[in-house]
There are 2 protein chains.
Amino acid sequence: MEKIKIGILGYGNLGKGVEKAVCKQPDMELTGIYSRRTLVHPLYKSVDVLSEGEDLDLLILCGGSATDLPVQTPQFARLYNVIDSFDHHQQIPQHYAAVDQAAREGGRLALISCGWDPGLFSMMRAMLTALLPDADVFTFWGRGISQGHSDAIRRIKGVKDARQYTVPLEHAIEAVKSGLAEAEDMKPEKMHRRECFVVAEEGADKNRITYEIENMPDYFTGYETTVHYISQEKMDAEHRGFPHGGTVIGTGKEAAGSFQLDLSSNPKFTAGVLVAYARAVCKMGQKGETGCRTMLEIPVSLLCEEMFMHM
Amino acid sequence: MEKIKIGILGYGNLGKGVEKAVCKQPDMELTGIYSRRTLVHPLYKSVDVLSEGEDLDLLILCGGSATDLPVQTPQFARLYNVIDSFDHHQQIPQHYAAVDQAAREGGRLALISCGWDPGLFSMMRAMLTALLPDADVFTFWGRGISQGHSDAIRRIKGVKDARQYTVPLEHAIEAVKSGLAEAEDMKPEKMHRRECFVVAEEGADKNRITYEIENMPDYFTGYETTVHYISQEKMDAEHRGFPHGGTVIGTGKEAAGSFQLDLSSNPKFTAGVLVAYARAVCKMGQKGETGCRTMLEIPVSLLCEEMFMHM
């Protein structure tokens, strides 16, 4: 059987994770890593050649959701079957519309927002909502690194390095599981706390830094926030990874369901999800399907070789 | 919009649950309850009229998996879109083949083995297997009533009434969650214990009954089994419901995932799943799809009105 020819656009943490995941698949072949930067990599190709029609079954877009994917996914959905992990939840409908139009015009199939949230957790929210009709469904994130919050702390004057962990509040999880939580009380800041590890520059005023963190609008105000000052050595030794995870919980009058994930590496797991769904998109594309999809529109059977094994 | 016309075949606990669930759906209309027995019910019709071509969008088959469904599902899949909750795991491939052929010949769409296990748990096993490639995936059942084990105890001489709860062993769950469990050690009897509540007939030898339960091949041998003798009043007061549930756990080197369900009523929840998927089957049938499906082949998006709400 001919191998599925995969290209990767973007070579950060996610792209590197996808590279490793693709290389482990016996039915897949990595044929190009496309980048705007010149990479020292045997499979490196300039992103510009993508417009010339590379010999690819599917292109996995590994750029950022802020500026890369809103442009790249519609652009390349015209030319290739594509997958991205666009994660700006509120902008998914617009992104979907743009990608759908491009993919239909090009006769290609696209999958957007593929990962664990949005992605797996979206599927769980939809399933629990549909199957527990009287239930409220809540999502807790963490314990895990929030890149956005870590970046925000790093921009404070006197901060050399920082990582922020989002941590679900145990008492909020218990309230939800026991069915005692009211939906209106369960705002993100009542469900999570924020734990910050900061390397301060020598002589920096730590009280001021802590104050600026705790009072940063949108990011930290309203949250229970703790700030730990540590050395760069300790930061490098203990906070290098990208752990994440979370729990989707639905509690109805007569039934409760929950789905939990614990990931030692957020980008590695997302890479694995992208590659598993890449296979599904190729199968659907071969049947002539075109346009945009989310994971909710992909049947689980397309992820497995032998469906009955799991029945 | 015209309502989806639903018929129910079989009027035990599951059929009654489906009746209630259908009546709660604003877009569905229950048009007939078909039975071999004559029922006192305004919607009662004899099962015989089904062969004459009733005006139905979908027939929900609520009979038993042992003898009813293997005959009824292929028989009526020729004439109607159908759903069943066939739950003999090992016989699903044969059942699928028979129903698929009948449904294709009749130009209808069928969904089999719809419920929580097989069903939701099958989806979770398939997803966790696909997305945690180095993980072992285990299923724990309970705490919940096993009808088969309860019936087996009731057949023992001197037993007036009995209920058997299947209970997952906490230490086995912990072993799986910590990644320490070896797949070969995780046999059902190492993962669960069996808790029996028995009403003995007056003068019956309880030691003999306990011995016969503990040593019943296939059902109890090898399991940690406890037997409690209680009064019929206590049985009726405390053990009338059909609670069930369970957990699917996958633990890989770098990621772990689990899905847990707690149901106060097994048949009521299964009824809700059947009705949610009835809507999906009707949508797919309207698009001209025919043949047999399992829940793994139904995209989650067909269960919800507004997919983006969950993204």
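When you look at A:T225, is it assigned by TED's automatic domain parsing to the domain that holds A:C196, in contact with a Ser or Thr (Cβ under 9 Å, 6 or more places away or on another chain), not in a helix (DSSP H, G or I) and not aliphatic (A, V, I, L, M), yes or no?
The answer is yes for A:T225.
So which of B:D57, B:D100 is of a type outside the set (F, W, Y) and closer than 26 Å to A:M309 by Cβ?
Among B:D57, B:D100, only B:D100 is of a type outside the set (F, W, Y) and closer than 26 Å to A:M309 by Cβ.
Quick check on the range A:172-208: of everything there that is closer than 19 Å to A:I153 by Cα and among the small types (G, A, S), which residue is most open to solvent (accessible area, probe 1.4 Å)?
A:G203
What residue, of A:I249, A:I230, is surrounded by fewer than 19 Cβ atoms within 10 Å (Cβ to Cβ) and touching a Phe, Trp or Tyr at 6+ places or on another chain (Cβ under 6 Å)?
Details: A:I249 fails: surrounded by fewer than 19 Cβ atoms within 10 Å (Cβ to Cβ).
Exactly one residue qualifies, and that residue is A:I230.
Scanning the range A:116-159 for residues that are in contact with a Phe, Trp or Tyr (Cβ under 9 Å, 6 or more places away or on another chain) and on the phi > 0 side of the Ramachandran plot, which turns out farthest from the other protein chains (Cβ to nearest Cβ)?
In this case the residue turns out to be A:G142.
Within the range B:92-115, how many residues turn out to be closer than 25 Å to B:G7 by Cβ and within 13 Å of another protein chain (Cβ to nearest Cβ)? Spell out the reasoning first.
Going through the range B:92-115, the residues closer than 25 Å to B:G7 by Cβ turn out to be B:92, B:95-115.
Of the ones still in play, those that are also within 13 Å of another protein chain (Cβ to nearest Cβ) are B:92, B:95-97, B:100, B:111-115.
Residues in the range B:92-115 being closer than 25 Å to B:G7 by Cβ and within 13 Å of another protein chain (Cβ to nearest Cβ): 10 in total.
Specify the residue that is most open to solvent (accessible area, probe 1.4 Å); the eligible residues are those in the range B:233-246 that are over 25 Å from B:L180 (Cα atoms) and either at the interface with chain A (Cβ under 9 Å from one of its Cβ atoms) or in a strand (DSSP E or B) (or both).
Going through the qualifying residues, I end up with B:F242.
If I filter the range B:160-171 down to residues being farther than 22 Å from B:R240 by Cβ and surrounded by fewer than 19 Cβ atoms within 10 Å (Cβ to Cβ), which single residue comes out as nearest to the other protein chains (Cβ to nearest Cβ)?
Pass one, the range B:160-171, residues farther than 22 Å from B:R240 by Cβ: B:168-171.
Subsequent filtering for residues that are surrounded by fewer than 19 Cβ atoms within 10 Å (Cβ to Cβ) retains B:169-171.
On the way: B:L169: 20, B:E170: 17, B:H171: 20 Å.
Selected residue: B:E170.
Every residue in the range A:210-232 that is among the hydroxyl-bearing types (S, T, Y) and farther than 27 Å from A:V176 by Cβ, please.
A:T210, A:Y211, A:Y229, A:S231
Since B:Y219 meets every condition but one in (1) in a loop (DSSP other than H, G, I, E, B); (2) of a type in the set (S, T, Y); (3) surrounded by fewer than 17 Cβ atoms within 10 Å (Cβ to Cβ), which condition does it not meet?
With respect to (1) in a loop (DSSP other than H, G, I, E, B); (2) of a type in the set (S, T, Y); (3) surrounded by fewer than 17 Cβ atoms within 10 Å (Cβ to Cβ), B:Y219 is out only on (3).
Residue-by-condition table, conditions (1) open to solvent by 10 Å² or more (accessible area, probe 1.4 Å); (2) at pLDDT below 95:
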{"residue": "B:E19", "(1), (2)": "yes, no"}
{"residue": "B:K24", "(1), (2)": "yes, yes"}
{"residue": "B:V47", "(1), (2)": "yes, no"}
{"residue": "B:G53", "(1), (2)": "yes, yes"}
{"residue": "B:L56", "(1), (2)": "yes, no"}
{"residue": "B:I60", "(1), (2)": "no, no"}
{"residue": "B:V71", "(1), (2)": "yes, no"}
{"residue": "B:R78", "(1), (2)": "yes, no"}
{"residue": "B:V82", "(1), (2)": "no, no"}
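Taking the range A:95-139 only, how many residues are crowded, with 24+ Cβ neighbours inside 10 Å, in contact with a Gly (Cβ under 8 Å, 6 or more places away or on another chain) and more than 17 Å from A:F259 (Cα to Cα)?
Going through the range A:95-139 one residue at a time, the tally reaches 5.
Please determine, by comparing only the residues of the range A:264-307 that are among the acidic types (D, E) and outside any helix (DSSP H, G or I), which one is most open to solvent (accessible area, probe 1.4 Å).
Filtering the range A:264-307 for residues that are among the acidic types (D, E) and outside any helix (DSSP H, G or I), the one most open to solvent (accessible area, probe 1.4 Å) comes out as A:E305.
The values are calculated or read from the model by the stated rules, or taken from the named source; none is laboratory data. Just so it is clear, the model here is predicted, and its values are computed rather than measured. Note: ideal-geometry Cβ built from the backbone for every residue, glycine included; neighbour counts use all protein chains shown. Surface areas here come from the heavy atoms of the whole protein model, side chains and all, with no ligands, DNA or RNA. Shrake-Rupley method; radii C 1.70, N 1.55, O 1.52, S 1.80 Å.
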